[in-house]
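All of the numbers you see were taken from the coordinates with simple rules; none came from a lab. From a predicted model like this one, the values you see are computed outputs, not experimental measurements. So basically every Cβ, Gly included, is an ideal-geometry build from the backbone, and we count neighbours across all protein chains shown.
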Amino acid sequence: MANPIERREGVLFCENVELETIAREAGTPVYVYSAGGIRARYREYAAGLEGMDARVCYAVKANGNLSVLRLLAAEGAGFDIVSGGELDRVLRAGGDPAKVVFAGVGKTREEIEFALETGIAAFNCESEAEIALIDALAGRMGKRASAAVRVNPDVNPETHPYISTGLREHKFGIDIHGVEEVYERARGLRNVSLEGVACHIGSQLLDASPLLEAAQKMVELAVRLRARGFAIRHLDLGGGLGVPYKPGDARPDVGAFLRALRGIVVGTGLRLWLEPGRSIVAEAGVLLARVLYRKSNGDKEFIVVDASMTELIRPALYGAHHEIVPLRKSRLPGTVTADVVGPVCETGDFLARGRELPQLMPGDFVAVMTAGAYGWVASSNYNARPRPAEVLVDGTGWGVARKRETYEDLVRGEA
C-alpha cells in the first residue's frame, strides 16, 4: 500500500473511506488510522529480515491503541515497552509476552515484578542499580531474568535534541567506554543473565547511516564481551527510522537499510531485534479537525480549529511540522498565510505557524497529516478538554477504536 491517505477527485480518503464521512459521524477532533497502512509498513520490516534470526518489536510508545496493537500481534510482531501500563496493553491486545522487550530508564519495583511474572523476553537495563534490583526481585520470585545493557555508543544521530538518546550526556544507557566493566561487575549475579547488548540512538532519522554506525560498534562490543566469556546472544538495535513530515522530505529506504544491516550482523551468531514505532504508524494516521473561526490581528491571520496542543503536542513541544490539508478542495480561490491555532489558553497552542493554506472557512474540515505516531499517546486533558476519539479504517469499513472522552470521564476518580 503506497499511501493509505490520498486525494481522489478533490476528496481526501483513508483507504476506501471518505474522511469527511468519519469527521461528520464520529465528530472532531478525531484520530483516524489505516489498518492497511500499518500492516504494509510492518511487513516491509518483516520481509527485509526474512531468513535471519531476527524479530520486529513494535515500539508501543508510538501508538498504543489496543486495536493497533491487536492487528500487529496478528502479524506476529513483538513489542518494545517502556512501562507496566504498556505491558498491560500488549497483553490485553493478545501480544505474546515472550516477544516483549522492556526498556526505560526508571523501571519501578512493581513494573519489574509484573514483567517477571508475565515472562517477558528480556529487560534492557540502563544502570547497574537496575540490574541489581532485577536480580534481587527475580531471586525472591524464583525467576531468572534475561537482560541486555543499554549502551550509549556515542553516535550523533543529528536529530532534534529532545529525541536524541545515544550520546554520553543523555540520561539513557551506559557509556560504551565503560560498559564492559559493568558486565564484569554483574558476572556473579545469580538471577540475571546478561545475554545481549542494546542501544537506541534517537528518533526521526531520515539518514540510516548513524544506525549502521551504531550497529557496527555494538557488534564489536559483543565480540569483546564474548572474548571475556559472556554468552552474548542478541543485539537490540532499537528503532529510529523517520518519516517525511514535509513535502520534499525523502522517506528512508527500509529495504536498503535492512540489506546493509544484514551485512553487519549476518555471520556473527547474534539474534537481531529491531524496535520501529514511528516508521510503522505515523504515515498511516491523521488528525481531523473542524475550522471554528477566521481571525485577523492587523497583518496576522489566524485559523482557529477545534484541535489543539492537547490533542497533538508535537508542534508546540518540538516545533514539529505537520502538513494541514482540507478534506475537500477549497471552494474559494487563492491562499492565505496564517497560524493554525486551537482553543487552549496558551500562546504556544498552535498546529502550524505562518503556513500558506487554501482559503479555509468556518465549518470546513481539515486533516493534520502524518499524525499516527506520538499523537493520541501524548495527548492531555489540559483546560479540562476531553481527549478525542480514535477510528480504525480497514478497506471499505471503519469503526471507533476508542470512544471520545466525556466530562464525566474527566472527573472519574476525584473525591
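Values for this structure:
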item: Gain in span if fully extended, residue 24 to residue 109, counting 0.36 nm per residue against the direct Cα distance; result: 26.0 nm
item: Fraction in percent of alpha-carbon pairs per bin - 5 Å, region 346-415; result: 3, 9, 16, 22, 20, 17, 9, 3, 1, 0
item: Relative contact order computed over region 104-274 (Cα-Cα under 8 Å; 6+ residues apart), in percent; result: 20 percent
item: From the C-alpha gyration tensor of region 250-302, square roots of 5λ in Å; result: 46, 13, 9
item: Between 0 and 90°, nearest 10: helix 254-265 axis offset from the chain longest Cα axis; result: 10 degrees
item: Residue 227 versus residue 415: modelled label distance in nm, points set 7 Å from Cα along the beta carbon direction; result: 6.2 nm
item: Region 282-364: Cα Rg divided by the 2.2 N^0.38 Å rule of thumb; result: 1.04
item: GNM result for the chain, Cα springs below 10 Å: residue of 223, 391, 60 fluctuating most strongly; result: 223
item: Gaussian network model of the chain, springs between alpha carbon atoms under 10 Å - residue of 321, 234, 177 with greatest fluctuation; result: 177
item: Whole-number D in µm²/s for region 1-66 (Stokes-Einstein; Kirkwood sum over Cα pairs; 20 °C, 1.002 mPa s); result: 152 µm²/s
item: Reachable lysines from residue 329, criterion Cα separation under 22 angstrom, eight or more residues apart if same chain; result: 246, 295
item: Counting DSSP beta bridges with both ends in the chain, the antiparallel % (nearest 5); result: 50 percent
item: Kirkwood-based shape ratio for region 1-150, expressed as Rg/Rh from alpha carbons; result: 1.09
item: Percentage, to the nearest whole number, of Cα pairs in region 26-115 over 16 Å apart; result: 56 percent
item: Projected area averaged over orientations for region 76-134, convex hull of C-alpha atoms, nm²; result: 3.5 nm²
item: Residues residue 268 and residue 96, FRET efficiency given R0 of 25 Å [Cβ-Cβ distance, rounded to 0.05]; result: 0.50
item: Separation between Cα centres of region 18-62 and region 273-296, rounded to whole Å; result: 12 Å
item: Centroid-to-centroid separation of region 350-412 and region 174-242 [C-alpha atoms, Å]; result: 38 Å
item: Lys/Arg +1, Asp/Glu -1 at C-beta; the chain dipole; positive extreme among 151, 270, 176; result: 270
item: Simple label model, 7 Å out from Cα along Cβ direction - residue 318 to residue 405, nm; result: 2.2 nm
item: Mean separation of Cα contacts under 8 Å, 6 or more apart, over the residue count of the chain: relative contact order %; result: 19 percent
item: Measure of compaction for region 104-274 (Cα Rg per 2.2 N^0.38 Å); result: 1.07
item: Likely footprinting exposure, 347, 108, fewest C-beta neighbours within 10 Å first; result: 347, 108
item: Principal-axis tilt of helix 209-227 within the chain, Cα atoms, nearest 10 degrees; result: 20 degrees
item: Gaussian network model of the chain, Cα within-10 Å springs - most flexible of 63, 152, 297; result: 297
item: Span per principal axis, largest first, for the Cα atoms of region 255-414 (Å); result: 65, 47, 36
item: Whole-percent pair-distance distribution, where bins are 20 Å wide, for the alpha carbons of the chain; result: 26, 53, 20, 1
item: Mean Cβ count within 10 Å, highest first, over the residues of peptides 369-377, 286-294, 142-150; result: 369-377, 286-294, 142-150
